[in-house]
1. Run lengths n ≥ 4 of DSSP H only: what is the helix-derived mean residue ellipticity at 222 nm for the chain, with -39500 (n - 2.57) per run over all residues, to the nearest 500?
2. So who's got an amide H within less than 5 Å of the one on Arg53, skipping anything under 5 residues away but keeping other chains? H placed 1.01 Å off N, in plane.
3. Probe radius 1.4 Å, ligands and nucleic acids ignored: give me the carbon and sulfur share of the accessible area of segment 18-107 as a rounded percent.
4. Scaled to the compact-protein estimate 2.2 N^0.38 Å, what is the alpha-carbon radius of gyration of the chain, rounded to two decimal places?
5. Given the Cα-Cα distance of Arg76 and Glu7 and 0.36 nm per residue of separation, how much length would full extension add, in nm?
6. Nearest 0.05, what FRET efficiency do Ile40 and Ser67 give at R0 = 35 Å with Cβ-Cβ as r?
7. Along the charge dipole of the chain, pointing to its positive end and built from +1/-1 on Cβ of Lys, Arg, Asp and Glu, which listed residue (Leu111, Met1, His47) has its Cα farthest out?
8. Would you pull out the residues with amide H under 5 Å of Tyr29's amide H, same chain only if 5 or more places away, H placed 1.01 Å from N?
Amino acid sequence: MPIDPAEPYDETNIFARILRGELPSDKVYEDGHVLAFNDIRPLAPTHILVIPRGPYVSWDDFSENASDEEICGLVRAVGRIARDAGLVAGGYRVLANIGFDAGQEVAHLHLHIFGGRPLGPMLAR
Ligand code: 5GP
């Protein structure tokens, strides 16, 4: 069920609970700006979710309201996580779903990193 990205941040969303340590995750990387963990239902051999520590509902919210430091921290972390996962030589995909048309399911911004096999066309036609 897609979330409404215009709603205020909901502190009970599942990724907020993972950030607070209330729910477990298969952690890949963390620093002062982000937490990264393996997706619970991977769609590729490597499928990592990267989330900012701040309370941002979506890319729209983050790109408008996050500080330059938070934005830089997230972007640099995504590159580093992909490099550390050995994805650069073979290539990889970074994706964020925002709102209804994209089918965003969790109301805390998350970037998907996919890799480890040819990923096919960008979108189904
Ligand atoms: P979205 O469709 O919102 O872009 O993607 C949400 C992603 O979160 C999905 O790929 C889904 O498998 C993943 N996910 C949902 N709940 C959990 C969870 O509790 N733990 C982990 N690791 N991933 C989750």
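1. Rounded to the nearest 500, the figure is -7500 deg cm²/dmol.
2. The list, which skips near neighbours in sequence, is Val34, Leu35.
3. Answer for segment 18-107: carbon and sulfur cover 50 percent of the accessible area.
4. 1.02
5. 22.1 nm
6. 0.75
7. The residue sitting farthest along the positive end of the dipole is His47.
8. Counting only residues 5 or more places away or on other chains, the set is Ala36.
The values are calculated or read from the model by the stated rules, or taken from the named source; none is laboratory data. Computed from a predicted structure; not experimentally measured. Note that each Cβ is placed from the backbone with ideal geometry, even for glycine, and that neighbours are counted across all protein chains shown. Keep in mind that these areas ignore ligands, DNA and RNA; they rest on the heavy atoms of the full protein, side chains included. Shrake-Rupley method; radii C 1.70, N 1.55, O 1.52, S 1.80 Å.
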